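Below: one structure, written as structure tokens.
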Amino acid sequence: MASLANQVLRRKPVVAMSAETGADTGGSELKRSIGLVQLSMFGIGATIGTGIFFVLAQAVPVAGPATLISFVVAGVVAGLTAICYAELAGAVPVSGSSYSYAYATLGEMPAMAVGACLLLEYGVSAAAVSVGWSQYLNELLNNIFGFQIPDALSQAPEQGGIINLPAVVLVCLCGVLLVRGASESAKTNAVMVTIKLLILALFVVVGLGGWNSDHFANFAPFGFSGIMSAAGIIFFSYIGLDAVSTAGEEVKNPHRNMPLAILIALVAVTGVYIAVVAVAIGAQEPSAFKDQEAGLSAILEQVTGSAWPGTLLAAGAVVSIFSVTLVVIYGQTRILFAMSRDGMIPSLFHRVNPRTMTPVHNTVVVCVLISILAGFIPINFLAEMTSIGTLVAFLVVSIGVVVLRRTAPDIPRSFKVPGYPVTPVLSVVGCLWIIKDLRPVTIYVFLVWVAVALVWYFCYGIKHSRLGRGEPAGLTTGDTA
């Protein structure tokens, strides 16, 4: 009988992953219907909007005008990791993202811990952006109709409300769209992302009219620690780069398109973030960002002295943040799909509807849980919990590149990390550096979450592991929803 150490550290061969997902044959349990443009839009759509539309209200009070540097720091770390993702996505184009990469490089128990990080990252992120969407919806309703949804129905209990109902409705709408099919979701997302980019371009152009360089005078009022703390808060703004890697089994020509889409999304996101943050701080006093809801809309109203730009931006945000929620929930369901296929969680999450070829039961469960988070938890705590989940997942991917280069040097790689091994090492260091500046309560909650996941692994996963049983990870049938 294999020792416990051998069991918990057993690795799933890359060749086996490629075979069961049809990465080299074109077949898949899920329908391959997503092309390069749609996949790139997945990355851009999940990233731009997650932070830029509302996280400045949390970041600027912590770092002041130096929030601009915080975005650069987070972007550099995310960029280093995105390059690592590009190599692994090209070599192991499956649905599990860094969970699957960890299974191939570090072993089964580490993969379970990484899977827990991803579930935290995606679930909490979807809830956070849903809460942000609720803020912009209220701004839009106020501008057009002169009324807002009462606080009792648009705020979490901790903020004086009963439930954030708009956030719950958004999650449910995304669930309905995802159940219909991945191709339909990708097309809808592409339209929404185009609207989002046009709206942000409008913000930059109009916002420049209110530029005041005096706003940058006291550039870093809280010093280096403030810059790094803000970087930790806003790091979840780069989650979209990870979302691309969850679509591996529904992408056409995945070896080529997966790494390309990640790199395209990285360049687009970085450019847009820097432009928007610089204009936002240049147009508004840093002190005005604190607790400001629908901040970009408010800035445009101040600059123009008119309601129409703010109304247009709020409308764009309502549409575009929908796309963020859609892609992040999509990513969550595909990670659960991969974990269930491996036997780490119940087979319910692996069942696919034969007509739509989507994991319907999986999607319903995810949307119910995210709705609960979005309805009852404040946004600031959600943002930090997303950041630490993202950082740990990024860290594992960077380590995975080094491990896979040593354990499987001959597998085909459509993209290789430049500057190896310095690039993945710098990515690991950057992730650890940002993690250390997160609030202690965030780290404690995260550690408890991972501990619960490991207890689940030893009680369930290790016994049901298909790799441990030597079973093929065939499709679970019976989903007729």
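The values are calculated or read from the model by the stated rules, or taken from the named source; none is laboratory data. Here the structure is a predicted model, which is why all the values come from computation and not from measurement. FYI the Cβ positions are ideal-geometry reconstructions off the backbone, even for glycines, and counts take in every protein chain you see.
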(request) Kindly check whether there is at least one residue in segment 258-270 that is at pLDDT 80 or above and at positive phi. (result) no
(request) Provide a single number: the residues in segment 293-321 that are surrounded by 24 or more Cβ atoms within 10 Å (Cβ to Cβ) and of a type in the set (A, V, I, L, M, F, W, C). (result) 8
(request) Have a look at 78, 16, 74, 66 and point out the one that is more than 17 Å from the chain's Cα centre (by Cα), in a helix (DSSP H, G or I) and at pLDDT 80 or above. (result) 66
(request) Might you check whether a residue that is out of contact with any strand residue (DSSP E or B) (no Cβ under 6 Å at 6 or more places or on another chain) and in a helix (DSSP H, G or I) occurs anywhere in segment 49-56? (result) yes
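A quick yes/no check of all residues on (1) modelled with pLDDT of 90 or more; (2) out of contact with any His (no Cβ under 7 Å at 6 or more places or on another chain); (3) under 22 Å from residue 363 (Cα atoms):
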{"position": "432", "(1), (2), (3)": "no, yes, no"}
{"position": "454", "(1), (2), (3)": "yes, yes, no"}
{"position": "467", "(1), (2), (3)": "no, yes, no"}
{"position": "471", "(1), (2), (3)": "no, yes, no"}
{"position": "480", "(1), (2), (3)": "no, yes, yes"}
(message) Give all pairs with beta carbons closer than 7 Å in which a residue from segment 419-433 that is more than 7 Å from residue 398 (Cβ to Cβ) meets a residue that is assigned to a loop (DSSP other than H, G, I, E, B); count only pairs at least 6 apart in sequence or on separate chains.
(response) 423/417
(request) May I ask you to list the residues in segment 388-418 that are in a loop (DSSP other than H, G, I, E, B), surrounded by fewer than 21 Cβ atoms within 10 Å (Cβ to Cβ) and touching a residue at least 24 places away in the same chain (Cβ under 8 Å)? (result) 408, 411, 412, 413, 414, 415, 416, 418
(message) With the structure loaded, tell me whether residue 219 is at pLDDT 90 or above and either surrounded by 24 or more Cβ atoms within 10 Å (Cβ to Cβ) or not in a helix (DSSP H, G or I) (or both) or whether it fails that test.
(response) yes
(request) From 191, 279, 267, 251, grab the single residue that is β-branched (Val, Ile, Thr), under 24 Å from the mean Cα position of the chain (by Cα) and crowded, with 18+ Cβ neighbours inside 10 Å. (result) 251
(request) Considering only segment 77-88, state which residues are in contact with a Gly (Cβ under 7 Å, 6 or more places away or on another chain) and farther than 15 Å from residue 406 by Cα. (result) 77, 80
(request) List the number of the failed condition for residue 100; all other conditions in (1) touching a helix residue (DSSP H, G or I) at 6+ places or on another chain (Cβ under 6 Å); (2) surrounded by fewer than 22 Cβ atoms within 10 Å (Cβ to Cβ); (3) part of a helix (DSSP H, G or I); (4) not aliphatic (A, V, I, L, M) hold. (result) (2)
